[in-house]
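As structure tokens, the structure follows; a few thoughts come after it.
The values are calculated or read from the model by the stated rules, or taken from the named source; none is laboratory data. Predicted model, so just to flag it, every value in this text is computed and none were measured. Here the Cβ positions follow ideal geometry from the backbone for every residue, glycine too, while neighbour counts run over all protein chains shown. For accessibility, only protein heavy atoms count, side chains too; no ligands or nucleic acids. Shrake-Rupley method; radii C 1.70, N 1.55, O 1.52, S 1.80 Å.
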Amino acid sequence: MADTITVNVSGRRFEIGRDVLSRFPDSTLGRLTSSTQKEVFFQRPMSGFKSVLGYHQTGHLHVPASMCLGAVQDELAFWGLTINDLEPCCKRNLNKFNKLQRDLESFEKSMKDDHDTFNSRGCCQLTGSRLTKGRRCLWSLLDKPFSSIPARIYFAVSSLMVVLSVVVVFLQSMEEFKKDMTLELWRLYYGAQFQEHEDQIRVMLSSSSAEINEILEQHNQTAEELITNFTLPDNVLFENEVFDNIGVFLTSFFMLELLLRVLSCPSITRFFKSIMNWVDILAVAFACSDAIHHHVSPPERFRENSLDYLGAFQILRVLRLFRLAKHVTGAKVLKYTVSTSYKEFGFMVLLIVINTIVFGTLVFTVNEETMKDLPFAAWWAIVTMTTVGYGDVVPSNYQGRFVGVLCAAMGIMTLALTVPLLVDNFVTFYSYASDFRGSEEVTKLKKDKVSPMIVSVVDDPTTNRDK
């Protein structure tokens, strides 16, 4: 048996010593050492073979710069090698590439699912009973805003209602929109006890001197004597009736919408697993509870109570607008970037927490007269590191200012080191999503152009099939 063997790779011959090939007997080239053939042919890329041959010669396996990382693993498998045989520099790049490919495959799957949902047409054309088709049409109208023109109109109206409900909650909290208490409102406030204090209230509210004198003559007292032991409560609140009427209308609209969604949803189980649906349910439940409470106990609507804070949950309804985000490429990419970059987020949070503890403790130690306690110093450290700088508290001596300089510099370094990692992931997914959307449009255009030609050939009765 000759000491050398000729390896022909895509027409190019290499005469290699069997002792070189025997260094890695489990590889494809290593198994040729026991072959009796003088020449062996492989139809493989030349760049990959040169790296494999160099591995047998030097013991170091590198990925050729001209080869796509996606083809490297196929070449390694063909030549009987694994990713663990690569040198650390190339192994890191390949592992990073494989992770990115897995993330892109998962992202592509989610994009296809959203694309199929987005392109679903009117459900009325589906088979089934009239009731089933009606439920499908109703669900398409309520849950798929771009499935039809009526669905678009309804989504616009529903979004307007959501925004209006949020605006009303904000305006109700402003003193400018509070209504001054009148005699009739005080009558509703005191209820059955109003008769007992009616004259005192009239004297305190009336702007007519004749009316006041008439009341004082009836009691044979002066104004000071009449109201000596009586004062109107100063914590009485009354919301504008316009907002109350709008709130009743919005609550009725959202309650009807929720009822229709429950009746038409394809799966009750999946419906109640959705966080957004629970936002709707809680918002409607809180609004109904508040309305019922005020109806059963009218005086309670003039006082601050625990149920008043439930109205703040109406703000949660604005989250329904995020349903539109699933049809926006940038929003979908941002959502997926956050979910796949949890390690980068964790690293950034860890650095911020460590720096907060370190610099908060330092500034508290050197500047106790300004920093009341450690939590307050930690608050100052976070505000300084994130370059917000509210200015509500500042170090008062040179030692504290020096710590402030270090804290600000470390904050900038922390953000500069971690944020680009998230930006890189976002740019990668966004560019991939743009390419995916472009390929879908090209595919659709090709189908629109090719399909009529195919139909015309099949339907043409004059076509000579024998030919």
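For this structure, a couple of remarks:
- Those helices (runs of 4 or more DSSP H) of region 327-390 in which at least 2 residues are of a type in the set (Gly, Ala, Ser) and over 23 Å from Thr428 (Cα atoms), considering only elements entirely within it, cover 374-385.
- Flag if Arg13 is over 29 Å from Phe97 (Cα atoms) and charged (D, E, K, R): yes
- Lys91 vs. criteria surrounded by fewer than 15 Cβ atoms within 10 Å (Cβ to Cβ) and within 27 Å of Thr337 (Cβ to Cβ): no
- Qualifying residue in region 60-77 (condition: open to solvent by 40 Å² or more (accessible area, probe 1.4 Å), farther than 28 Å from Leu104 by Cβ and at pLDDT 85 or above): yes
- Cβ pairs under 8 Å, 6+ apart, first in region 1-22 and closer than 13 Å to Val40 by Cβ, second among the acidic types (Asp, Glu) and not in a strand (DSSP E or B): Arg18/Asp3
- Matching residues in region 158-168 - criterion: being touching a residue at least 12 places away in the same chain (Cβ under 8 Å) and open to solvent by 40 Å² or more (accessible area, probe 1.4 Å): Val163, Leu164
Residue by residue, here is whether (1) within 13 Å of Val366 (Cβ to Cβ); (2) open to solvent by less than 40 Å² (accessible area, probe 1.4 Å); (3) within 34 Å of the chain's Cα centre (by Cα) holds:
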| residue | (1), (2), (3) |
| --- | --- |
| Val393 | no, yes, yes |
| Val405 | yes, no, no |
| Ala408 | no, yes, yes |
| Thr414 | no, yes, yes |
| Leu417 | no, no, yes |
| Leu422 | no, yes, yes |
| Thr428 | no, yes, yes |
| Tyr432 | no, no, yes |
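- Boolean, Arg44 is within 16 Å of Tyr55 (Cα to Cα), surrounded by 13 or more Cβ atoms within 10 Å (Cβ to Cβ) and of a type in the set (Lys, Arg): no
- Residue count, region 136-157 (criterion: more than 21 Å from the chain's Cα centre (by Cα) and either aliphatic (A, V, I, L, M) or crowded, with 18+ Cβ neighbours inside 10 Å (or both)): 13
- Pick from region 1-35, criterion part of a strand (DSSP E or B) and over 23 Å from Asp85 (Cβ atoms), ranking: least open to solvent (accessible area, probe 1.4 Å): Asn8
- Lys273 satisfies every condition listed in (1) more than 26 Å from the chain's Cα centre (by Cα); (2) modelled with pLDDT of 65 or more except (1).
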